[in-house]
Structure formats: C-alpha cells, structure tokens
Amino acid sequence: PYKQVFDQIVEGIEARHPDRLLRYPLEKDYSRNHLLSQLEDDRVDMVVTLGRRGYSLIGDLSGKYPLVSGALPLTPANTVSGVSLIADPDTLFSQLRNLSPTTQRIFVLYTNKSRWMVDLAETSAAKKGFELNAKRVNSLSDAVRAYEAILDQAQAETDAIWLPLDKVTSNETVILPMLLREAWDRRLVLFSSKPSHVKRGTLFSIYPNNQQSGERLAEMVRELYLGRTAPGVEPSRSQNVGVNLRTAVHLGLEYSPSLARSFYRTFPQP
C-alpha cells in the first residue's frame, strides 16, 4: 500500500517537475553512506523524501540540499518543510457546511501537539461563520471530563464535535468509542481528521490526494531552491471526502445526487 501511495506522489512530482527526476527507493537494508555518495555523483539539486525511512535522512541532507518531505503527518514542530497528511481544517469546515448545513458551533479539544491545527481552524471558522469552541487539555483524564461537559451542553441541530489528529483528544481506545456512542444516542454530528474514523461511524473525514501532494511538494522544493519562500509545513488540501451514509441517515441528513457523486468514499461499503 505504501508503494502505491509513493507512486502516486511521484506522479504528481513529475507533473510539476519537467526536468530530470531521479528515484532512490530505500530498502530496509539500504546503505546510508552509499546513498549520500550517489546523490553527490548524480549532481542532485533538490530532494524530496517520502515516508519515515526517507525522513530519517533529513539530518544528513539538511543544509546540503533544498529539502521537503511528504507522506507523513508532519507538523510545524518538525525540522523540515513539506506537505502533511493532516487535512486542512478549512477543507474540513467546508465539507461540514455542505454535509450538515444547520451546524453553527464546533467543539474541539486539543493538546500542545495539535495546537497548530486549531490556530488554522480559528481563522477558517471565522471566515465560514462557525463558532469554534476550542479547549486545551493535558491528559486523557482531562479530555474525558471535558468531553462529558461538552456532551451535556451540545445541541443536536446546531453543534458538532471535531476530532483532530491527536493521540490524547482522539484516543481510539477510550475517547472514540465514547464519542461514537454518545453522538449516536444524542444525534450529534461527529467528524474527524483521521480517515479511518469514518468507517467506524463519524459522519465524515478527508482522505489524502497523493498526486496533489506530489505536485505541491515539487512546487515547494523549487521555491526553496530559488529562494522564493521560507521553510514550513502545509496541511493537506485534498478534497477527497469520505462519508458514513448510515450515520448521515441516522442524523436525518439527506444529500442530493450531485453531492453524493462527489464523495470519494462512502460507508458502509456494499
């Protein structure tokens, strides 16, 4: 599966980089020293790393080449520029407006690790007319108590809960089962930044667009090479929305045929 993802990203890079493109597949037993020598011998100008094995090389590559990274859930805390697998909150909120038109208020819990996403979300929410109720927590027990307080006040017709990509506030052992159960019983909209949560019952999430990520990686590394931009991490701007239609029906949400045709994936699968 990872090879397919990498191949699609490379297709995107090729679409934006008409010059010479060299591929260096990293097998488990690859020689780091041999690879670094090969890059020099091949007179490489710019480097894109994909996946964790590629990311492990950034210490050797930084400072020698304009460098970006992809196929990872990067955050601004990372020391390399790139396109993250994490969906842009602006895209999530656009889909929320399409899929649940009566929603007015969004609740989200976050930790320091996911704070950068909430910063982006605050700008997007204001632009799209949502009230964003964001609260920082420090532990799983804090998150459980905060979600209980949210559930006590949330209104079915107008409120939604967003699960960011956060191991604490979207914990899959404690938090996700609790929220799936309570959101179902209370008919609350629950949506997530993690695509696998759609299959489990959240209303929707966003899947990566690998070719689009490759195109943007090619643009970013060239901008760095030409000195036109500062290093940084961008969220994924994919529009590939996955929708749980069983959840939608339970919430009383109906979608036009044209909107339904735009869905990238739907669950439950036939």
With the structure loaded, tell me whether Gln8 is in contact (Cβ under 8 Å) with a residue 24 or more places away in the chain and either open to solvent by 50 Å² or more (accessible area, probe 1.4 Å) or among the aromatic types (Phe, Trp, Tyr) (or both) or whether it fails that test.
yes
Filter segment 114-147 down to the residues that are among the charged types (D, E, K, R) and open to solvent by 60 Å² or more (accessible area, probe 1.4 Å) and list them by number.
Arg115, Asp119, Glu122, Lys127, Glu131, Lys135, Arg136, Arg145
Contact list, first residue from segment 155-175 and of a type in the set (Asp, Glu), second anywhere and open to solvent by 10 Å² or more (accessible area, probe 1.4 Å) and modelled with pLDDT under 95, beta-carbon distance below 9 Å, six or more apart or interchain, is Asp166/Lys113
Under the condition of being acidic (Asp, Glu) and either open to solvent by 60 Å² or more (accessible area, probe 1.4 Å) or touching a Pro at 6+ places or on another chain (Cβ under 6 Å) (or both), which residue from segment 171-218 is farthest from Glu148 (Cα to Cα)?
Glu172
Checked segment 230-265 for anything in a loop (DSSP other than H, G, I, E, B) and either in contact with a Gly (Cβ under 8 Å, 6 or more places away or on another chain) or within 16 Å of Leu74 (Cβ to Cβ) (or both); matches are Ala230, Pro231, Gly232, Arg237, Ser238, Phe263, Tyr264
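Given the criterion closer than 23 Å to Ser238 by Cα and in contact with a helix residue (DSSP H, G or I) (Cβ under 8 Å, 6 or more places away or on another chain), identify the matching residue among Leu21, Leu99, Leu57, Leu36.
Leu99 is the lone residue from the list that is closer than 23 Å to Ser238 by Cα and in contact with a helix residue (DSSP H, G or I) (Cβ under 8 Å, 6 or more places away or on another chain).
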Could you pull out every one of the helices (runs of 4 or more DSSP H) wholly within segment 106-214 that has 3 or more residues that are at pLDDT 95 or above, charged (D, E, K, R) and over 29 Å from Gly51 (Cα atoms)?
115-128, 140-153, 175-186
Would you check if Ser37 is among the small types (Gly, Ala, Ser) and part of a strand (DSSP E or B)?
no
Tally the residues that are under 13 Å from the mean Cα position of the chain (by Cα), under 20 Å from Glu11 (Cβ atoms) and surrounded by fewer than 22 Cβ atoms within 10 Å (Cβ to Cβ), restricting the search to segment 45-84.
1
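The values are calculated or read from the model by the stated rules, or taken from the named source; none is laboratory data. Nothing here was measured: the structure is a model prediction, and the numbers come from that model. Positions of Cβ are generated from backbone atoms using ideal geometry, with glycine treated the same way; all protein chains shown enter the neighbour counts. To get the accessible areas, we keep the full protein, side chains included, count just its heavy atoms, and leave off ligands, DNA and RNA. Shrake-Rupley method; radii C 1.70, N 1.55, O 1.52, S 1.80 Å.
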